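Engineer: Dropping a structure here in structure tokens format, bear with me for questions.
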Amino acid sequence: MSSSVRPGFSAPKKASGARRWLQPRLSREQLYRLAPRKERPERLGKVDAWDRVRGALRHWALWLTAAFIASLTGNRLAAFGLAAAAAILNLARPKFHPAVYPIESTLVPGSPEFRVTMGGMTGTAYLPGNRVRIYNNGDEFYPAMLEAIEAAQQSVTMEQYIFWDSSVGLRFAEAFATKARSGVPVKLLVDAVGSATIGENTLRILEAGGCQLAWFHPIRWYTLSSANNRTHRKSIVVDGRVAFTGGAGLADHWLGNAETPREWRDLMVGVEGPAALVQQAGFAQNWMQTTGEILAGNVFFPTPVSCGDVAVQTISSSSAGDFSSAGTMYLVALQSSQRYIHITNPYFVPSSAVIELLARAVRRGAQVRLVLAGSHSDTWWARQNSIRLYGKLLKAGVEIHEYLPTMLHHKTMVVDGTWATVGTANFDNRSFALNEETNLCFGDASIIGDLERIFADDLSHSRRVTLEEWRRRSPWQRLVEQAASLIEDQV
């Protein structure tokens with residue numbers, strides 16, 4: 001097609017008896033001539049022998065076969081246990097992100113082409129006109145969140161993974177109940193696993209105030225097929241105009257300023273403007289799925305009003321589809337880096353495809369730095385799986401730094417100083433393929449500058465891990481890591 005001719009809609013033509021437009025334009029020889037063969041790109045991520053063994057050991061059919069053999073030999077107790085294990089493994093079958101081929105075109109982070117690609121592949125565009133603020137640690141973000149709730153005029157909604165029986169939980173329950181008692185609708189969606197320890201006292205306060213609370217995917221015998229899919233979001237939306245998201249739930253270990261091992265290091269982001277409606281939409285969809293209620297009207301979805309000059313892309317990732325938008329976001333960004341990648345993440349258990357993308361970034365000349373949770377990690381399984389994979393990353397030239405003062409829990413990534421994301425998604429299969437997640441993406445120089453300064457400060461409180469140190473791990477440590485790898489896809 002000539003460059004001067006653009007595809008578009010033509011004016012309707014009158015019907016023709018001959019239907020000349022149906023007549024062939026090419027000869028049969030031309031129609032059946034094979035096109036030049038296009039080489040398929042090499043798949044990302046190589047699977048080694050131990051990966052195959054681990055996959056076989058986790059397959060439910062192996063355990064069911066063992067149960068059948070045990071039954072034939074008369075060992076009913078063993079047969080029952082093996083059959084139960086087979087059922088659990090079948091229900092917990094890992095779901096992987098489907099992207100296995102590299103991006104063929106060259107994208108530059110922060111460019112219009114990059115933004116359009118990211119929007120097209122995640123299903124959400126950048127919305128301009130927002131005011132954004134980053135809050136460091138609980139003593140900053142909890143007061144700001146409570147102040148917004150107490151100022152609500154139309155509605156308050158929350159989707160939360162962790163809402164625990166704690167002083168923080170009780171304080172928020174009080175704020176929710178007070179607002180609901182004044183006539184403002186308060187709807188709370190909490191994960192049935194993550195918030196299982198919410199406490200009777202908290203529930204009584206919410207009920208007495210008139211709040212509506214629903215449990216996301218409660219564990220029942222008839223809901224086991226969805227038991228592996230959790231909501232990992234931490235979103236609070238006020239009046240459909242102000243929203244908060246980030247790494248923190250509602251529990252006491254987020255109090256303070258990360259000055260002691262009991263005070264977790266974390267970030268929350270406050271957004272005021274049109275982008276808040278996207279978080280509200282994510283909540284509304286999961287609320288409808290859980291309760292059957294459709295949220296409608298200006299009470300929940302007000303007319304967007306510009307409040308600032310920051311464009312925000314809000315990615316509400318869901319396990320309901322065939323792929324995760326959060327996982328796609330990370331994969332696109334990693335392949336676009338040219339100068340550097342700065343990642344802060346507490347649960348870093350990358351797939352072989354992600355490890356290869358990071359290695360390719362280093363080979364392109366980009367500096368790749370990771371600040372990860374260190375010895376204060378709250379999840380033993382994730383920590384062992386992360387350490388096990390250090391070797392592949394270090395050999396590829398990736399810098400690994402472990403945060404020393406306390407548990408590091410925020411999830412950020414900055415690429416080339418022109419694009420950044422903050423949110424709830426970890427670098428693991430659970431966030432990439434199984435969980436409901438929320439991430440905010442920015443191209444604003446001021447926000448990216450703030451995140452770069454935060455990364456540099458976290459880096460200054462971290463210890464670099466070397467390949468030599470990793471290789472000196474004890475045989476026992478190596479054995480522990482391999483045992484933990486059996487549930488690598490579930491941590």
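Engineer: Which order, highest average first, do 440-446, 303-309 follow once you tally other Cβ atoms within 10 Å for each residue and take the mean per peptide?
Structural biologist: Put in order of decreasing packing, that is 440-446, 303-309.
Engineer: Something else: Using mean Cβ contacts within 10 Å as the protection proxy, how do 54-64, 364-374, 336-346 order, highest first?
Structural biologist: Averaged packing, sorted descending, gives the order 336-346, 364-374, 54-64.
Engineer: Once you have the Cα-Cα distance between Glu452 and Ser10, take 0.36 nm times their residue separation minus that, and quote the gain in nm to one decimal.
Structural biologist: 154.1 nm
Engineer: Further, regarding this structure: How high is the FRET efficiency between Ile69 and Trp221 when r is their beta carbon distance and R₀ equals 22 Å, given to the nearest 0.05?
Structural biologist: That pair, Ile69 with Trp221, gives E of 0.25.
Engineer: Counting other Cβ atoms within 10 Å, keep those with at most 14, restrict to DSSP loop, and tell me which GluC sites (Glu not before Pro) in the stretch 241-330 are left. Before the final figure, lay out the partial values.
Structural biologist: Numbers: sites: Glu259, Glu263, Glu272, Glu293; in loops: Glu259, Glu263, Glu293.
Within the stretch 241-330, the qualifying GluC sites (Glu not before Pro) (loop, at most 14 other Cβ atoms within 10 Å) are Glu259, Glu293.
Engineer: Then there is this: Among all helices in the chain defined by DSSP H, which have a length of 20 Å or more along the axis from Cα atoms plus a Kyte-Doolittle mean of at least 0.5?
Structural biologist: 76-91
Engineer: Greater than 18 Å separation of Cα atoms is the criterion. Which listed pairs, Lys38/Lys95; Lys95/Lys392; Lys46/Lys392; Lys179/Lys234, meet it?
Structural biologist: From the list (Lys38/Lys95; Lys95/Lys392; Lys46/Lys392; Lys179/Lys234), the Cα-Cα distance tops 18 Å for Lys38/Lys95; Lys95/Lys392; Lys179/Lys234.
Engineer: Select from Gln367, Leu331, Tyr142 the residue farthest towards the positive end of the dipole of the chain; place +1 on Cβ of Lys and Arg, -1 on Cβ of Asp and Glu, and compute about the Cα centre.
Structural biologist: It is Leu331.
Engineer: Roughly what % antiparallel, to the nearest 5, for the DSSP beta bridges in the stretch 364-449?
Structural biologist: Values: 9 of 14 bridges.
Among the beta bridges of the stretch 364-449, antiparallel pairing accounts for roughly 65 percent.
Engineer: Additional query: About its Cα centre, what dipole magnitude does the chain give when the only charges are +1 on Lys and Arg Cβ and -1 on Asp and Glu Cβ, stated in debye to the nearest 20?
Structural biologist: That gives the chain a dipole magnitude of about 2560 debye.
Engineer: Taking 45 Å as R0, compute the FRET efficiency from the Cβ-Cβ separation of Leu479 and Leu203 and round it to 0.05.
Structural biologist: 0.55
Engineer: Report, in whole Å, the centroid distance computed from the Cα atoms of the stretch 119-149 and the stretch 265-329.
Structural biologist: Going from one Cα centre to the other spans 11 Å.
Engineer: With r as the distance between the Cβ atoms of Tyr101 and Gln30 and R0 = 35 Å, compute the FRET efficiency 1/(1 + (r/R0)^6) and round to 0.05.
Structural biologist: 0.70
Engineer: Relative contact order of the chain, please, whole-number percent, based on alpha carbon pairs below 8 angstrom and at least 6 residues apart. List each step's numbers first, then the result.
Structural biologist: Working: 966 pairs, mean separation 81.8, N = 491.
Value for the chain: 17 percent.
Engineer: Most exposed first by the Cβ proxy, i.e. fewest other Cβ within 10 Å, how do Val184, Val116, Val310 rank?
Structural biologist: Val116, Val184, Val310
Engineer: Would you mind ranking Ser386, Ser431, Ser166, Ser226 by Cβ crowding within 10 Å, fewest neighbours first?
Structural biologist: Ser226, Ser166, Ser431, Ser386
Engineer: Would you please put 415-427, 41-53 in order of how densely packed they are, using the mean number of other Cβ atoms within 10 angstrom per residue and starting with the highest?
Structural biologist: So the order, starting with the most tightly packed, is 415-427, 41-53.
Engineer: Report the Cα centroid-to-centroid distance between the stretch 401-457 and the stretch 152-206 in angstrom, as an integer.
Structural biologist: 26
Engineer: For Lys392 and Ala87, calculate 0.36 nm times their separation in residues minus their Cα-Cα distance, and state this gained length in nm to one decimal.
Structural biologist: Additional length available on full extension: 106.5 nm.
Engineer: When the dipole is taken about the Cα centre of the stretch 135-257, and only Lys, Arg (+1) and Asp, Glu (-1) are charged at their Cβ, what size is it in debye, to the nearest 20?
Structural biologist: 400
Engineer: Over the stretch 49-91, what is the relative contact order in whole percent, taking alpha-carbon pairs under 8 Å and six or more residues apart?
Structural biologist: 43
Engineer: When DSSP assigns beta bridges and you keep just the ones with both residues in the chain, what percent turn out antiparallel, to the nearest 5?
Structural biologist: Working: 44 of 69 bridges.
So the antiparallel bridges in the chain amount to around 65 percent.
Engineer: Okay, next question. Under the rule a/c < 1.5 gives rounded, and otherwise a/b versus b/c splits prolate from oblate, where does the stretch 90-243 land using the Cα gyration tensor?
Structural biologist: Oblate is the answer for the stretch 90-243, as a/c is 1.5 or above yet b/c matches or exceeds a/b.
Engineer: Could you tell me which residue out of His232, Ser460, Pro24 lies farthest along the dipole of the chain toward its positive end? Charges go on the beta carbon: Lys and Arg +1, Asp and Glu -1, centred on the Cα centre.
Structural biologist: Most positive-ward Cα: Pro24.
Engineer: Right, here's the next one. So how do Thr197, Thr290, Thr260 line up by other beta-carbon neighbours within 10 Å, fewest first?
Structural biologist: Thr260, Thr197, Thr290
Engineer: Glu259 versus Gln212, label points 7 Å from Cα toward the beta carbon: distance in nm?
Structural biologist: Simple spin-label model gives 4.2 nm for this pair.
Engineer: [x] 151; [y] 237; [z] 180: which one is volume of the Cα convex hull per residue in Å³ as calculated from this entry?
Structural biologist: [y]
Engineer: Counting Lys and Arg as +1 and Asp and Glu as -1, what is the net charge of the other residues whose Cβ lies under 13 Å from the Cβ of Glu42?
Structural biologist: Taking every Cβ under 13 Å from that of Glu42, the sum is +1.
Any read-out appearing in this document is the output of simple, stated calculations on the displayed coordinates, not a laboratory observation. A quick note: this is a predicted structure, and the numbers were derived from the prediction, not measured. Heads up, the Cβs are rebuilt from the backbone with ideal geometry, glycines too, and the neighbour counts pull from every protein chain shown.
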